[in-house]
Amino acid sequence: MADHAFSRSGNRVVSGRARFTVLFPRLLRLEYSDDTRFEDRPSLAFVDRDTPSVEFSVAERGGALVIETEALRLRWKLGAPFSARSLEIRSRSGSPEFTWKPGKKDKGNLGGTRRTLDSIDGAAELEPGILSKDGWTVVNDSARPLFTNDFSGFLPRENVATDLYFFGYGRDYKRALAEFAAVSGRVPIPPRYAFGLWYSRYWAYTDREALATIDEFERRGLPLDVFILDMDWHETHDVDKIPWDVHKRDQAGLPKGWTGYTWNRRLFPDPERFFDEAKRRGVRTAMNLHPASGMQPHEEMYEEFARAVGVNPKSGKYVPFAVEDPNFAKPYFELLHRTREKEGVDFWWLDWQQWKTTSIEGLNPTFALNHLHFRDNAQGGKRPLILHRWGGLGNHRYQIGFSGDAKGTWESLAFQIRFTHAASNVLYGYWSHDIGGHYPAVVDPELMTRWAQFGAMSPVFRLHSTKRFDAERRPFRFPEPWRSAMEKAIELRRSLLPYVYNAARTAHETGVSLVRPRYYDSPDDPNAYRADDHYRFGDDMIVAPVVAPSEDPDTTARSVWLPEGAWYDWETLEEIEGGGKRTRRYALDEIPIYVRRGAIIPTVDPTTPADGAGYPEIAFVVFPGATGETTLYEDDGVTDDYLKGASARTLVRQTSRARAMVLEIGATEGTYKRMPKRRRVSLLLPLAPAPASVVADGVEIPLRPLGDSPGWRYLGDRPTVEIDLGSASVSSPRRIEIAFADRLDEFRKLASGFAGARKRAETAATLLNTLWRRGGGMRNALIEQIQTGRRVELAPSSAVEELRAFAKRKAATRRELDALTIRDKTKE
């Protein structure tokens, strides 16, 4: 027995060949080594095991070691290798109860993500995640390589040992994510420009064509934030004066010209000038890499690179790819990549598609590339960014993901919903997809529209297509009505920039991603697990993108499960009671978005650049509710100073009573470089009646029908009060008191759904006008309906009367439409 006496040091317990580490009350590390050598260096997935002190007990009982935390009870037969006979862990608290033994199958695992969606058309299997309905998961880290202590390189596992991590969180999924992030590394915040609009296309752009494309987006009012050059930026077609062909192979045995680092000077005669012109337009740039062929003799850097790694350049032999080797990695970054970064490229698109092994056993080249490129992109305090493929557990430390060459089908779009939100189960919250699909070239305009809407409400919005002249993904190149619907989605995405950026900070602090499954918030409700085709978008929204073609020319039915409480349809402003499944119909330009009661959504003007610091102007959309609050997060958007505390927060609260509302905007706390000293603030109050008075900081705010500032006005088509508070110092708190002549709850019920109904009436009127030769044309009752909002806008105090009249006129409008013999869709 003496050989197995245990010793305890901090959170670790050692007994003979076994070592147990209590990382957290619900997270245990279990090691067994025949030679009693245990590993303390960071592995690819677990980089920081120095957790705070945890309360637990340890004792020997009946030939077994027993460790108990507040949540778990571990029992191990002294001296025995880990097996179902020697080791078990039971839950002591939480739900569901469980007993785990080695070899037990994790049947309830909720999935994680996968490396790529290349050629996937529909659903595909996901790798396991760290969350399970069974209440436990186990990550086997035994074979994963290690980092060097300074994280600059990789090491193989030298000793054969069992190294397991037991997650026993029950269904406390958010806690599991937070504590996994603590030992695996926090999710870094991407640069703010990454949350804007991206455009990439597999195409041999000239510099002038690329800049003209950027300008075309700007002219259309859809400014780009990121422009990506695919592989044709480097020599491809004329390598060795032989036309590029997949059947022509380089010395690595791969297609000639697939890997490349030498500028195609016919396309880009002056790369530095191109990058400078792009930056002057406010656009960041990235370039594609397929590095598997190493350094080939035709590259302009070949001689210098070959000498750096000890190869005689006169031999004409290529240098094989081996990024895990420091001898290769040093010139790989210093000669090949930093040279291009000095010219102006902002980050790299790592498009690894080849083998899965390196010279270090267990090290995936995708993971190695991601880690080293991310570190290298952080030079000089720059906030790093790469676009890459998933390389395995721990890759959440390197945003942003590229999900591969997905097929442009409805089935592919539908699967991307679950694929995106399930990835949050391994902290991988920043997938970007080929919006519209990589191929086929031509996609149905309705599919493209719905995909763009999903892109707008996804982590990263990147339009992309294959190399075909007819592979169009630019929204303004589509005819109406698809063009307007896509442009509306892009504008919505830009307006939600502060909301999305808030969520990025939340993901960094808590491990809970912007896009996440429904079961995080309702872990004990079976409906939440069946809701795979929609997701939570930040703390205040549920999004259910349309992923099927319309059943008729106008609308598509979409079902969503809503938790208990009141929710508001973002498009129609209809109040919907939760507590079950709801099915509603959506027009082509509408996205099923539901906002929780009392939410305060920070927004900006759609023309606001994503590449900036703070928000000199902002509008808070305050949805009805007795109380509500949000915290606006800001930093400089481009450096890693936020890791050192350089950021700011502003608390916004609202309290509503029967006929009054009070909003408090706190003084901004914190500071960062380029922080705005003043801010112009607006408030939008959906489903609120016209105010009897608005008082801000003791000063009355007048009605401003002509747009004077400060002032308020009424947006009649979407019964919403808009209050422009003007500009003020961010260091001064603000208090806004609004009095109403009408009761808020009664008006809300009257106005609920009016915005959607009025819009449907306008759609019918537009159709009637196009069919006037066939008995169409405007009808009086329909005109009255459409103009309701305009009349309220001109006379806000008439809102109650007008909305009541609108409801009564519905019957008259229906009779007018029933009398027509033209297409029935006008009656919807």
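The values are calculated or read from the model by the stated rules, or taken from the named source; none is laboratory data. Since we're looking at a predicted model, the values are computed, not measured. Here Cβ is always computed from backbone atoms with ideal geometry, including for glycine, and neighbour counts include all displayed protein chains. All accessible areas refer to the heavy atoms of the entire protein, side chains included, with ligands and DNA or RNA removed. Shrake-Rupley method; radii C 1.70, N 1.55, O 1.52, S 1.80 Å.
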*What full-extension length gain, to one decimal in nm, is calculated for Ala807 and Lys749 as 0.36 nm per residue of separation minus the Cα-Cα distance?*
19.7 nm
*Let me know the charge dipole size of the range 53-153 about its Cα centre in debye, to the nearest 20, where only the beta-carbon of Lys, Arg (+1) and Asp, Glu (-1) is charged.*
540
*Note the full-extension length gain between Glu509 and Gln379 as 0.36 nm times their separation in residues minus their Cα-Cα distance, in nm to one decimal.*
44.5 nm
_Under 20 °C and 1.002 mPa s, how fast does the range 366-434 diffuse according to Stokes-Einstein, given a Kirkwood radius computed over C-alpha pairs? Answer in µm²/s, whole number._
167
_Relative contact order of the chain, pairs being alpha-carbon contacts under 8 Å that are 6 or more residues apart, as %_ = 9
*asked:* Quick check for you: with a 1.4 Å probe and neighbouring chains kept, what is the accessible area per residue of the chain, in Å²?
replied: 39
*asked:* Along the charge dipole of the chain, pointing to its positive end and built from +1/-1 on Cβ of Lys, Arg, Asp and Glu, which listed residue (Gly294, Ser732, Val14) has its Cα farthest out?
replied: Ser732
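Considering only protein heavy atoms and a 1.4 Å probe, what is the carbon-and-sulfur percentage of the accessible area of the chain?
About 49 percent, which is the carbon plus sulfur part of the accessible surface.
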*Relative compactness, the range 65-194, computed as alpha-carbon Rg over 2.2 N^0.38 Å*: 1.26
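Give me the dipole magnitude in Debye, nearest 20, for the range 462-587 about the Cα centre, with unit charges on the beta carbon: positive for Lys and Arg, negative for Asp and Glu.
Magnitude of the dipole: close to 820 debye.
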*List, in the order given, every pair from Lys407/Lys488; Lys382/Lys488; Lys467/Lys488; Lys174/Lys759 whose Cα-Cα distance in the structure shown is over 29 Å.*
Lys382/Lys488; Lys174/Lys759
*Calculate how steeply helix 207-219 sits against the longest principal axis of the alpha-carbon atoms of the chain, using the helix alpha-carbon long axis, and give the answer as 0 to 90 degrees to the nearest 10.*
40
_Pairwise centroid distance, computed over Cα atoms, of the range 343-360 with the range 690-763, Å_ = 51
*Lys677: which aspartates and glutamates have alpha carbons under 14 Å from its alpha carbon, excluding same-chain residues fewer than 8 sequence positions away?*
Glu617, Glu634, Asp635, Asp636, Glu669
_Under 15 Å from Lys279, Cα to Cα: aspartates and glutamates that are on another chain or at least 8 residues apart_ = Asp207, Asp215, Glu218, Asp225, Asp270, Glu341, Glu343, Asp346, Asp611
*asked:* If I stretch the segment between Val662 and Phe469 completely, what's the gain in nm (0.36 nm per residue apart, minus their alpha carbon distance), one decimal?
replied: 63.9 nm
*Determine the shape class of the range 268-378: with a ≥ b ≥ c the square roots of the Cα gyration tensor eigenvalues, call it rounded for a/c under 1.5, and otherwise prolate if a/b is greater than b/c, oblate otherwise.*
oblate
*May I ask for the angle, rounded to the nearest 10°, between helix 410-422 and the longest principal axis of the chain, with both axes built from Cα atoms and the value confined to 0 to 90°?*
70
*Helix 482-495 sits at what angle to the longest principal axis of the chain, using alpha carbons and giving 0 to 90 degrees rounded to 10?*
70
*At 1.306 mPa s and 10 °C, Stokes D of the range 1-135 from Kirkwood alpha-carbon radius, µm² per second*: 95
*Extreme residue, positive dipole direction of the chain, given options Val560, Thr51, Leu463 (C-beta unit charges)*: Val560
_Let's test the formula: R0 of 56 Å, r as the Cβ-Cβ distance of Leu643 and Asn780. What FRET efficiency results, to the nearest 0.05?_
0.30
*Of all alpha-carbon pairs in the range 334-410, indicate the percentage at a distance above 21 angstrom.*
33
*Once you charge only the Cβ atoms, +1 for Lys and Arg and -1 for Asp and Glu, what is the size of the charge dipole of the chain about its Cα centre, to the nearest 20 debye?*
1260
*Mind grabbing the accessible area of Thr720 for me, 1.4 Å probe, Å², rounded to tens?*
10
*Please work out which option in (1) 29.4; (2) 31.4; (3) 30.6 gives Kirkwood radius over Cα pairs in Å calculated from these coordinates, and answer with its label.*
(1)
*Please give the FRET efficiency for Arg530 paired with Ser732, using the beta carbon to beta carbon distance and R0 = 35 Å, rounded to the nearest 0.05.*
0.10
*Under 25 Å from the Cα of Lys314, which lysines turn up, not counting those fewer than eight places away in the same chain?*
Lys241, Lys248, Lys256, Lys330
